[in-house]
Amino acid sequence: MTQLYQQPRINGSIQPNQEPVTDTDMSLNGTTKYHHETEVSGIADPAPANRLSSGVPDAVPETRLSARPTAGEYGNTPERRPFRLPGSGIVQGMMVTARNWFGSYFDRKRLVTVQYPEQQIRPPENSRSIPFLVYDGDDPDAGLRCVACHTCEKECPPQAISIVGERDENGKPARRPKVFDIDISVCMGCQICAEVCPFDAIKMDHYLDHSSLENFQSLILGKTRLSKSNAYFHTINSTDATAVDARLEADRKKKEAARQKRAAAK
C-alpha cells in the first residue's frame with residue numbers, strides 16, 4: 001500500500017495538498033508507482049437533489065493517473081559490460097609504449113632528443129631566460145640604450161638588478177650606467193624589467209646555460225657580459241626587434257622635427 005496525495009486543480013490552478021489517500025495501483029512488473037492528481041471539472045450535476053442526499057460535492061471530481069517512474073527506470077541500473085580477458089588493458093598499454101618507442105627511431109616528430117650541447121633546438125621567439133642590455137652600432141659603451149633611469153631596478157620583484165649611474169666631470173648624471181649588475185641566481189625571468197623599460201634597452205635572452213663551478217660571484221653578470229648588439233636581438237626575436245626599431249625611428253624623426261621647428265623659430 002502506497003500513501004499518496006491528491007492535488008486538486010480548480011480552474012487550471014493547483015491548490016494546496018489535501019488529505020493523503022491510499023493507492024494500490026502498480027504496474028505489471030511492480031516497479032512503477034502512480035499518484036492521483038484530482039482535477040475539479042466544474043461541471044454541474046444534473047441531479048442536485050440526489051447529490052445533496054448522497055453527500056457528493058458540488059463539482060464532480062475527475063481523477064487522472066500519471067506514472068512516476070522509480071529510480072531504477074532512469075538507467076541507474078548498472079549496465080552489463082562485455083567480457084574482457086584479464087590483463088588485456090596491460091597489453092594495450094604496452095602496445096602504445098612499443099609504438100612510441102619504435103617510432104622514436106624513425107619518425108622525425110618523435111625525435112625529441114638531440115646531442116646537447118653540440119646540437120641545440122632553436123627556442124621560440126617568446127621564450128625567455130634572463131635579461132640582456134641592447135646596444136646599437138658596434139660600440140657597446142657608446143651605443144648602449146640604457147640611460148640609468150633605475151626603473152627596472154625599482155620594479156624588479158626579487159631585487160636582482162643593481163644600477164649605479166655614471167657622472168661627468170662636473171658631477172652631473174651622464175645618462176648611462178657605470179654599473180649594471182644582474183644576479184642570475186635570484187632572477188626569476190619574469191620579464192617585468194623589459195616591460196617597464198621606457199627606452200627598450202633591456203630585453204629577454206634565450207641563452208640558458210649559465211651554470212658555473214665557481215662561487216656565487218660568477219652568477220652576477222655585469223654590464224660587459226649583459227651587453228649584446230641589436231643584431232643579436234634580431235636573430236632571437238626578429239618580430240619584437242623590428243617593431244622596436246620602427247618605434248625608435250619614429251621617435252627619432254619626431255624629435256628631429258621638433259628640434260628643427262625650434263631652430264626655425266629662433
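The values are calculated or read from the model by the stated rules, or taken from the named source; none is laboratory data. On a predicted model such as this, the values are computed, not experimentally measured, just so you know. So basically every Cβ, Gly included, is an ideal-geometry build from the backbone, and we count neighbours across all protein chains shown.
So, Asp205, is that one touching a residue at least 60 places away in the same chain (Cβ under 8 Å), within 15 Å of Arg128 (Cβ to Cβ) and in contact with a Phe, Trp or Tyr (Cβ under 6 Å, 6 or more places away or on another chain) or not?
Working: touching a residue at least 60 places away in the same chain (Cβ under 8 Å): yes; within 15 Å of Arg128 (Cβ to Cβ): yes; in contact with a Phe, Trp or Tyr (Cβ under 6 Å, 6 or more places away or on another chain): yes.
Yes: the conditions hold for Asp205.
Report, by residue number, each residue of the range 177-211 that is within 26 Å of the chain's Cα centre (by Cα) and among the acidic types (Asp, Glu).
Glu195, Asp205
What residue, of Glu195, Glu169, is acidic (Asp, Glu) and loosely packed, with under 11 Cβ neighbours inside 10 Å? If you could, list the steps in order and put the result at the bottom.
On the way: Glu195 fails: loosely packed, with under 11 Cβ neighbours inside 10 Å.
From the options Glu195, Glu169, the qualifying one is Glu169.
Checking the conditions here, which among Ile121, Ile161 is farther than 21 Å from Leu248 by Cβ and at pLDDT 95 or above? Break it down stepwise before answering.
Details: Ile121 fails: at pLDDT 95 or above.
Answer to the check: Ile161.
Do we have any residue at all in the range 191-208 that's small (Gly, Ala, Ser), farther than 20 Å from Thr151 by Cα and either in contact with a helix residue (DSSP H, G or I) (Cβ under 9 Å, 6 or more places away or on another chain) or assigned to a helix (DSSP H, G or I) (or both)?
no
So for the range 212-235 (the condition being under 28 Å from the mean Cα position of the chain (by Cα), surrounded by 10 or more Cβ atoms within 10 Å (Cβ to Cβ), hydrophobic (A, V, I, L, M, F, W, C) and on the phi < 0 side of the Ramachandran plot), does at least one residue qualify? Step through it out loud before you land on a result.
Step one: list which residues in the range 212-235 are under 28 Å from the mean Cα position of the chain (by Cα), which gives none.
No, that holds for no residue.
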